[in-house]
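> Structure provided below as structure tokens; questions to follow.
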Amino acid sequence: MTDTSRSGGDDEPPPATVQSTHEFTDDQPPSETIVRAVAALTNTPVLELEPLYTVIDPTQIDETYEKTSAAVEAEFSFPYSGCDVTVTREGVHVRRVRDGNGDGDGANEDTDV
């Protein structure tokens, strides 16, 4: 995981941007990778996140990345559990907005999984 600080406004503490990178693995479907990435970023137990199927079809994600040729470029972006998620052939990019105090608004927090 990489921590990087960016400066905010003059009256605001600087927001923190956190980024980590994880790729898809053969032993975990892409939909599970998404859920685990968001759980890690938000420091929320997996079972406490909203079900992924409430925002996107997990089967569609899994089939797109497991059953199509590597030559096929596909990218999905959607909001999930307070994060913006982008799924590519290489992995999952998760971005969460936080303020300088670590609360839910303001700075950006990223993770690639």
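> When the residues of the stretch 29-45 are narrowed to those that are modelled with pLDDT under 95 and surrounded by fewer than 19 Cβ atoms within 10 Å (Cβ to Cβ), which ends up farthest from residue 95 (Cα to Cα)?
29
> Follow-up. Name the residues in the stretch 26-61 that are small (Gly, Ala, Ser) and under 19 Å from residue 75 (Cα atoms), would you?
Once the filter is applied, which keeps residues that are small (Gly, Ala, Ser) and under 19 Å from residue 75 (Cα atoms), the stretch 26-61 yields 31, 37.
> Report every pair of residues separated by at least 6 positions or lying on different chains whose Cβ atoms are under 6 Å apart, first residue within the stretch 53-76 and polar (S, T, N, Q), second surrounded by 11 or more Cβ atoms within 10 Å (Cβ to Cβ).
64/74
> Being modelled with pLDDT under 95 and either touching a Ser or Thr at 6+ places or on another chain (Cβ under 7 Å) or within 15 Å of residue 96 (Cβ to Cβ) (or both) narrows it down to one of 50, 63, 75, so name that one.
The match here is 75.
The values are calculated or read from the model by the stated rules, or taken from the named source; none is laboratory data. Small disclaimer: the values here were computed from a predicted structure and weren't measured. Because the Cβ atoms are built from the backbone with ideal geometry, glycine has one as well, and the counts that use them run over all protein chains shown.
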